[in-house]
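K.L.:
Please see the structure below; I have some questions.
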Amino acid sequence: MDETWLNELREFISIPSVSADPAHQDDLRRAAEWVRDFVKRAGGDAELVPYGTRDLVIGDIPATSNGKDAPTVLVYGHFDVQPPAPLDLWESPPFELEERDGWLYARGIADDKGQLYTLLKAAELLRTDGGLPVNLRIACDGEEEIGGHSIVEFLEQDERGADACIIFDGGMTRPEQPEFALATRGLVGYHVVVRTGERDLHSGYYGGAALNAIHALVEGLSAVLPRNGLLPDQLRVGRTALTEVETQSLKKLPSGAEVLLDAGATPLDPQAERDFYDRTWAEPSLDVNGIRGGKPDFVNTTLIVEAEARFTIRLAPGQDPETVGSAAERLFRRAVPDGAEVTMERENSAPPGVFAPDSPAIQLGLEAFERAVGARPILVRVGGTLPIYPALAAKGIPTIGTGFALRESNVHSPNERLRVQDVDRAVAAATELYKGLAALG
Ligand SMILES: [Zn+2]
């Protein structure tokens, strides 16, 4: 890798832009300024745009070829990082870029500063050569790791639109087999409190006659939990099956059994291994994330009158948070015994995101990647929730969501890393993408 690139990366990485830690607010601003200044050096213009409580970096790098017809490509990345703790597990300081055995180590090298850098670098190189055939609109945030919504709000109100979007903030399961993420799951979550009385009671005096809040909570939860691996039908409304092209991709991915085994997970039911990708890409799922009630730390015989839980539902592509959320509320409330007082608060809600595999931008992207890295990406879905995807989908902006992080990249963990060769591959891929997407004009 070019020495200049290494130095630039080292400088960007050395800013500890940890969004979750208020002590690093100045560093977040410095990271934003770093991106802004890089865009300016690359021949574009950019500024920090205060949005909510933080800054976005919004900028443009105009095309230098392709004339007035040059299409506009939105480039998104985030310059904030996860906290590096626990520090003692790092083999080198997290904010000092270090190269060892073909890997670059540092917090943010894979997620996402290192990858964002490659998109900006490719733009700079093309622009310097006078051959940037697309107008690039740069939109970066510093709150991705804490679930910030500023970038979503910015995109929603931005009337200009774009012909395509490129995001390098993901990775690939196998190092030589790139992946484009065509869909993400949505999310709707609840905090539930169940009350059945004024105060806890003596189970000897009242047990068998008075309603226990933990029991009521468990009955409510059992109505929304999966049976034979699938959620109740009311919670599966609207989901869309995997397309033929997505089903084809499964042949190039590790089996569900392998993925579950690697994670040390216990299959939910006998079909879970075989149906792994259906379950995580095309089905909604519900997880109870916490439950509290009573006094499990002590031997006791109390009849408990208050219990609470949090649960979240990952929505399959095609589903609507309002519809599924309301159905979950109805199922829960109906299953709780009469007389129990239930409060259900919806805490988060994000729709799934879906992009058409046959859109010209995706097709041009596949070809560009094949030229750059010698392998045609497979089209996959993401089981997680990324609010920017549905925001872009709602704007009709086809999005190439991909990246070069590997399973061994330790994203969000100590010793985060990216292969040196993947910096080169990512810059090459970004270059070919910019060239290829010129055909959208
Ligand atoms: Zn990320």
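The values are calculated or read from the model by the stated rules, or taken from the named source; none is laboratory data. On a predicted model such as this, the values are computed, not experimentally measured, just so you know. Neighbour counts are summed over all protein chains in view; Cβ atoms, including those assigned to glycine, are modelled from backbone coordinates with ideal geometry. The protein model used for the area step is the full one, side chains on, heavy atoms only, and it has no ligands, DNA or RNA in it. Shrake-Rupley method; radii C 1.70, N 1.55, O 1.52, S 1.80 Å.
K.L.:
Taking the Cα centre of the chain as the origin, how large is its charge dipole in debye, to the nearest 20, when only Lys and Arg (+1) and Asp and Glu (-1) carry charge on their Cβ atoms?
P.N.:
900 debye
K.L.:
Under a 10 Å cutoff between Cα atoms, tell me which one of Ala181, Ala23, Ala327 has the largest fluctuation in the Gaussian network model of the chain.
P.N.:
Ala23
K.L.:
Another question, if that's okay. In nm, give the distance between the simple-model label positions of Lys252 and Arg292, each being 7 Å from the Cα along the Cα-to-Cβ direction.
P.N.:
Each label point lies 7 Å from its Cα, and together they span 4.6 nm.
K.L.:
Which angle between 0 and 90 degrees, to the nearest 10, do you get for helix 25-41 versus the longest principal axis of the chain when only C-alpha atoms count?
P.N.:
It works out to around 30 degrees.
K.L.:
I want the antiparallel fraction of DSSP beta bridges within the chain, as a percent rounded to 5.
P.N.:
DSSP beta bridges in the chain are roughly 70 percent antiparallel.
K.L.:
Now a separate question. So if I take the centroid of the Cα atoms in segment 332-379 and the same for segment 1-46, what is the distance between those two points in Å?
P.N.:
Cα centroid of segment 332-379 versus Cα centroid of segment 1-46: 30 Å apart.
K.L.:
Now for a different question. Between Asp297, Asp358, Asp275, which gets the highest mean-square fluctuation from a Gaussian network model of the chain, Cα cutoff 10 Å?
P.N.:
Asp297
K.L.:
Next question. Report, to one decimal in Å, the Kirkwood hydrodynamic radius for segment 167-326 based on all distinct Cα pairs.
P.N.:
One decimal place: 18.6 Å for the Kirkwood radius.
K.L.:
Now for a separate question. Could you state the accessible area per residue of segment 223-321 in Å², with a 1.4 Å probe and every protein chain left in place?
P.N.:
56 Å²
K.L.:
If you fit an axis through the alpha-carbon atoms of helix 113-128 and take the longest principal axis of the Cα set of the chain, what angle between them do you get, 0 to 90°, nearest 10?
P.N.:
30 degrees
K.L.:
Which entries of Lys40/Lys113; Lys395/Lys435; Lys121/Lys435 have Cα-Cα distances beyond 20 Å here?
P.N.:
Distance filter (> 20 Å) returns Lys395/Lys435.
K.L.:
Averaged across orientations, what area in nm² does the convex hull of the alpha carbons in segment 256-408 project?
P.N.:
13.6 nm²
K.L.:
Is it possible to state the helix-based mean residue ellipticity at 222 nm for the chain, with each DSSP H run of 4+ residues giving -39500 (n - 2.57), the sum divided by total residues, to the nearest 500 deg cm²/dmol? What is it?
P.N.:
-9000 deg cm²/dmol
K.L.:
Using only the alpha-carbon atoms, how far is helix 420-437 inclined from the longest principal axis of the chain? Give it as 0 to 90 degrees, nearest 10.
P.N.:
Relative to the chain, helix 420-437 is tipped by roughly 80 degrees.
K.L.:
Over the chain, with a Gaussian network built from C-alpha contacts below 10 Å, which listed residue (Leu74, Leu231, Leu201) shows the highest mean-square fluctuation?
P.N.:
Residue with maximal mean-square fluctuation among Leu74, Leu231, Leu201: Leu201.
K.L.:
Charges at C-beta only: +1 for Lys and Arg, -1 for Asp and Glu. How large is the resulting dipole of segment 260-345 about its Cα centre, in Debye rounded to 20?
P.N.:
In total the dipole reaches around 160 debye.
K.L.:
Right, next: Provide the three semi-axes, in whole Å and in decreasing order, of the ellipsoid equivalent to segment 123-176 as defined by the square roots of 5 times the Cα gyration tensor eigenvalues.
P.N.:
Equivalent ellipsoid of segment 123-176: 24, 20, 11 Å, largest first.
K.L.:
Top to bottom by accessible area (1.4 Å), largest first, where do His24, His215, His149 land?
P.N.:
Sorted descending by solvent-accessible area, the residues read His215, His149, His24.
K.L.:
Here's another thing I want to ask about it. Translational diffusion coefficient of segment 155-237 at 20 °C, 1.002 mPa s, Stokes-Einstein with Kirkwood Rh over Cα pairs, in µm²/s as a whole number.
P.N.:
113 µm²/s
K.L.:
If you don't mind, another one. Would you mind calculating the relative contact order of the chain from Cα pairs under 8 angstrom and at least 6 residues apart, reporting the percent as a whole number?
P.N.:
25 percent
K.L.:
While we're here: How big is the accessible area of Met1 in square angstrom, nearest 10, if you roll a 1.4 angstrom probe over the protein chains?
P.N.:
70 Å²
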